[in-house]
Amino acid sequence: MGLRVVISAGEVSGDQHLARVVRSLKALDPSVEVRGMGGKECREAGAELVVDCYKSGAAMGFLELFRSFRGIFSSFSAMSSLVRSWKPHLVLLADYPDFNLRLAKVAKAAGSKVLYYIPPKVWAWRSGRVEAIKRSVDHIAAIFPFEKEWYQQHGFNAVTYVGHPLTDQNKANTGECTRADRIVLMPGSRKFEIERMLLPMLRAFERIRAAQPGLQAVVMLADNMSQEWAKSCAATAVSPETMSAISWKKGGVIEEMRHARAGILKSGTCNLEGAIAELPFVSVYSGSLLAKMIVLTFVKLKEYSPVNIMKAGTVPELMRVRQNTAELERELLRVLQDGPVREKMISDLRDVRTALFSFESSGRQAEDVAGRVAALVTEMAQGPQTEAAAN
């Protein structure tokens, strides 16, 4: 019987990242069997899904999580049963920490090894979770260069920096490019984020465009977002003339960023895409008032954009853009204009990009992040059994 691997991805991004690992795994070992939780990407890569994360109520955000509790509970029950009954050699987790750390405990008790790819951001908040990681996780595949040192300082040494998964799809995006008089707007991938963030972004664009009539904008929407609905929201905020200067696109984010002059990006992964494209941008926060209060109270970081976490002060961050569009307008103007602010930002973004493309060398080399994670899976699974598995 071949290698048995359970995967657990609770969201769209995790589904995409694990799908690439599944393909690499099958290239290394065609006999490998992969089952678990994911979406269409993992299914198309060859995984047998016990839980479809797009239908199970997987969610992010404090309020959204409560609304999805029933689906999450059902998913956890199904995944726990799979681990206990199928007895995989290894359980591969991706992000989704509250769910996956509990699943790791189940896997450990069942005798399966646990590899956590894209681990919890314990360096930002709830650092006490590192104790749960020590108890239930065998190895971490880290995606930020500073994570290895942080975990080691907290008593967990089984960490490999594999590089950031965004770099797998963007190796060709190098060299100089022509930047048009255009800004990229990325309000987020969820409906509530569009409702909260798109309108202040567009109002800031409209005001700046009044003084720079040639300025254009492109709104980048997630694949799951209705373009017609997003346009209808936008039409309530700006004039028809402004709407005519806006294009709407899905996919090709890095390429759009590489040919734009600046951006307004919701804080998150797209900020790292901005760094890869060396796009000067303003980072904005989209959480609810409750989420903001929790973040300000409990998160240890002083800056929240992943770009600023890697290199402090790289881009401006705004948390109340709905209440203060004028501040967003001022910051965007500073980013757009030639001068020392823009030049320093581009230099800092280039440093972040370099760090993202780095990785830790290991015994088995691979050309991409997914391949390095797949190699870790096979090396761990083929090693000595855990005590529970032996019994």
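The values are calculated or read from the model by the stated rules, or taken from the named source; none is laboratory data. Bear in mind the structure is a predicted one, so any value in this text is a computation, not a measurement. As a convention, Cβ positions derive from the backbone with ideal geometry for all residues, glycine included, and neighbour counts pool all protein chains shown.
Quick rundown of the values:
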read-out	value
Pairs where the first residue, in region 139-159, is outside the structural domain of G371 (by TED's automatic domain parsing) and the second is modelled with pLDDT under 95 and not charged (D, E, K, R), C-beta under 9 Å, 6+ apart	none
Qualifying residue in region 100-110 (condition: outside any helix (DSSP H, G or I) and not hydrophobic (A, V, I, L, M, F, W, C))	no
Residue list for region 33-55, restricted to those being in contact (Cβ under 8 Å) with a residue 40 or more places away in the chain and not small (G, A, S)	R35, M37, C53, Y54
Looking only at region 230-276, and only at residues there that are β-branched (V, I, T), crowded, with 18+ Cβ neighbours inside 10 Å and outside any helix (DSSP H, G or I), the one that is nearest to the chain's Cα centre (by Cα)	I264
Given (1) part of a loop (DSSP other than H, G, I, E, B); (2) under 28 Å from F357 (Cα atoms); (3) out of contact with any strand residue (DSSP E or B) (no Cβ under 9 Å at 6 or more places or on another chain), index of the condition G214 fails	(2)
Tally, over region 168-198, of residues that are in contact with a Cys (Cβ under 7 Å, 6 or more places away or on another chain) and modelled with pLDDT of 90 or more	2
Hey, T178 within 23 Å of the chain's Cα centre (by Cα) and hydroxyl-bearing (S, T, Y) or not	no
Checking K300 against (1) modelled with pLDDT of 95 or more; (2) outside any helix (DSSP H, G or I); (3) farther than 23 Å from T167 by Cα, the condition it does not meet	(1)
Residue that is farthest from V335 (Cα to Cα) [pool: residues in region 199-249 that are hydroxyl-bearing (S, T, Y) and touching a residue at least 12 places away in the same chain (Cβ under 8 Å)]	T236
The lone exception for E228 - which of (1) of a type in the set (D, E); (2) closer than 26 Å to A370 by Cα; (3) out of contact with any Asp or Glu (no Cβ under 6 Å at 6 or more places or on another chain) it fails	(2)
Test: residue in region 361-382 that is at pLDDT 95 or above, farther than 19 Å from H89 by Cα and more than 19 Å from the chain's Cα centre (by Cα)	no
Of all residues in region 115-140 being hydroxyl-bearing (S, T, Y) and within 20 Å of the chain's Cα centre (by Cα), the one that is surrounded by the fewest Cβ atoms within 10 Å (Cβ to Cβ)	S127
Filtered residue count, region 279-292, keeping only those that are modelled with pLDDT of 95 or more and either of a type outside the set (A, V, I, L, M) or assigned to a loop (DSSP other than H, G, I, E, B) (or both)	4
